[in-house]
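The values are calculated or read from the model by the stated rules, or taken from the named source; none is laboratory data. Only a predicted model underlies this, so the values are computations on that prediction, with no experimental measurement involved. Reconstructed Cβ throughout: ideal geometry from the backbone, glycine too, with neighbour counts over all protein chains shown.
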Amino acid sequence: MTTTTTPARQAARDALEGLALGDAFGERWFGLFRAPAEAVEQIRARRTPEESPWHWTDDTAMALCVYRALLDQDGVNRTLLAAMFGATFLADPARGYGYGMTRLLPVLAERPERWSSEARELFEGQGSLGNGAAMRVAPLGAWFADDLDEAAEQAAHSAEVTHTHPEGVAGAVAVAVAAALAARGRTAGGGPAGAGLLHEVAARTPAGAIRAGVTAAADLPAGTEPWRAADLLGNGQRIRASDTVPFALWSAAHHLEDLAGALWTTAEGLGDVDTTCAITGGVVAARTGLSGVPAAWLERREALPEWVAEGE
């Protein structure tokens, strides 16, 4: 296993912070979804949601488990990760977990060693192809930024604990590779961005709907409006990874130096906006950290556990 460097560890923590910010920021918009025109008007006008605090959801709760595993093990032990997912769910089940996770995670809390068989039984034996494995993985990608093959392999391991369908796994791989490339850019003179980053992500993503979607994202004309990109690529409304990851990565790839701008762009796509913003935020923050984010956003976002800042 690749030894993680100090810059990569910092990028991973930044990715977690950005993921949590995107998650909490995106969650604010659900209250306006019965009036989508009003939501879009506020987003395009860049009117920041004023209520406080901005609570994060299961996206961040599960990402915290992944980050904890990295600190403790420098990689993914699937049984231990399953135990953390299960314990975290039981401690606070009201974070917005999806149907499949509400069935799976209580079982993993009791019998984490059964993660493989239990995860495979979801959805009539097909396994989950949802976006849950993708939404939580950006810190892992940044952690393994020095080895893209390791980033992809570890992302697959982290996904398989809950998402055994090939598309659920591929979504995690795509996001992890994107975050790894973004993190490389903070120390390597910029690195790929825009269509170049998306094509490189697609090349390392297993064949299927995710790869096709990321390739389509790379091929969108310059200047494509966010609503149009979401219409073409999906905005997460169907909860599937293939309907979520391409648009979130498109937003990230075209705003790799502007975290706040990336989140506004992603929010304009509506849909599963906490998850798309979590993915985008994690990838972009792997490069930028929280630089340029309005202070009010950071004040309103629910704090992460103290051990995150301590890094131990």
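Starting from the stretch 27-53, keep only residues that are over 17 Å from residue 293 (Cα atoms) and surrounded by 12 or more Cβ atoms within 10 Å (Cβ to Cβ), then list their pairs with residues that are of a type in the set (A, V, I, L, M) and modelled with pLDDT under 80 whose Cβ atoms are within a distance under 6 Å, requiring at least 6 positions of separation or different chains.
39/32
Of the numbered conditions (1) farther than 20 Å from residue 247 by Cα; (2) surrounded by fewer than 24 Cβ atoms within 10 Å (Cβ to Cβ), residue 145 fails exactly one; give the number of that condition.
Of everything listed in (1) farther than 20 Å from residue 247 by Cα; (2) surrounded by fewer than 24 Cβ atoms within 10 Å (Cβ to Cβ), residue 145 misses just condition (2).
Could you pull out the residue among 107, 66 that is in contact with a Lys or Arg (Cβ under 6 Å, 6 or more places away or on another chain) and modelled with pLDDT of 95 or more?
Only one candidate passes the filter, namely 66.
Among the residues of the stretch 171-204, count how many are farther than 25 Å from residue 221 by Cβ and assigned to a helix (DSSP H, G or I).
7
Quick grid of which residues meet (1) out of contact with any Gly (no Cβ under 8 Å at 6 or more places or on another chain); (2) in a helix (DSSP H, G or I); (3) touching a residue at least 60 places away in the same chain (Cβ under 8 Å); (4) crowded, with 23+ Cβ neighbours inside 10 Å:
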position	(1), (2), (3), (4)
56	yes, no, yes, yes
71	no, yes, yes, no
75	yes, no, yes, no
87	yes, yes, no, no
106	no, yes, no, no
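Could you tell me whether residue 217 is crowded, with 20+ Cβ neighbours inside 10 Å and in a helix (DSSP H, G or I)?
Working: crowded, with 20+ Cβ neighbours inside 10 Å: yes; in a helix (DSSP H, G or I): yes.
Yes, satisfied.
Could you list, in sequence order, all residues of the stretch 263-298 that are of a type in the set (Gly, Ala, Ser) and without any contact (Cβ under 8 Å) to a residue 60 or more places away in the chain? Steps first, please.
Of the residues in the stretch 263-298, the ones of a type in the set (Gly, Ala, Ser) are 267, 269, 271, 278, 281-282, 285-286, 289, 291-292, 295-296.
Matches in the stretch 263-298: 269, 271, 291, 292, 295.
Mind listing whichever residues of the stretch 124-139 are farther than 10 Å from residue 172 by Cα and modelled with pLDDT of 95 or more?
Answer for the stretch 124-139, where residues must be farther than 10 Å from residue 172 by Cα and modelled with pLDDT of 95 or more: just 139.
Look through 184, 238 and report the one residue that is among the basic types (Lys, Arg), more than 30 Å from residue 118 (Cα to Cα) and free of Cβ contacts under 8 Å to residues at least 60 places away in the same chain.
Step by step, each of 184, 238 is checked, and only 184 is among the basic types (Lys, Arg), more than 30 Å from residue 118 (Cα to Cα) and free of Cβ contacts under 8 Å to residues at least 60 places away in the same chain.
Report yes if some residue within the stretch 115-123 is touching a residue at least 24 places away in the same chain (Cβ under 8 Å) and within 17 Å of the chain's Cα centre (by Cα); otherwise report no.
No, the stretch 115-123 contains no residue that is touching a residue at least 24 places away in the same chain (Cβ under 8 Å) and within 17 Å of the chain's Cα centre (by Cα).
Tally time: how many residues in the stretch 127-153 are under 18 Å from residue 88 (Cα atoms) and of a type in the set (Ser, Thr, Tyr)?
0
Provide a single number: the residues in the stretch 100-120 that are among the hydrophobic types (A, V, I, L, M, F, W, C) and over 19 Å from residue 76 (Cβ atoms).
Going through the stretch 100-120 one residue at a time, the tally reaches 1.
Restricting attention to the stretch 115-139, and to residues there that are of a type in the set (Asp, Glu) and assigned to a helix (DSSP H, G or I), which single residue is surrounded by the fewest Cβ atoms within 10 Å (Cβ to Cβ)?
The qualifying residue surrounded by the fewest Cβ atoms within 10 Å (Cβ to Cβ) is 124.
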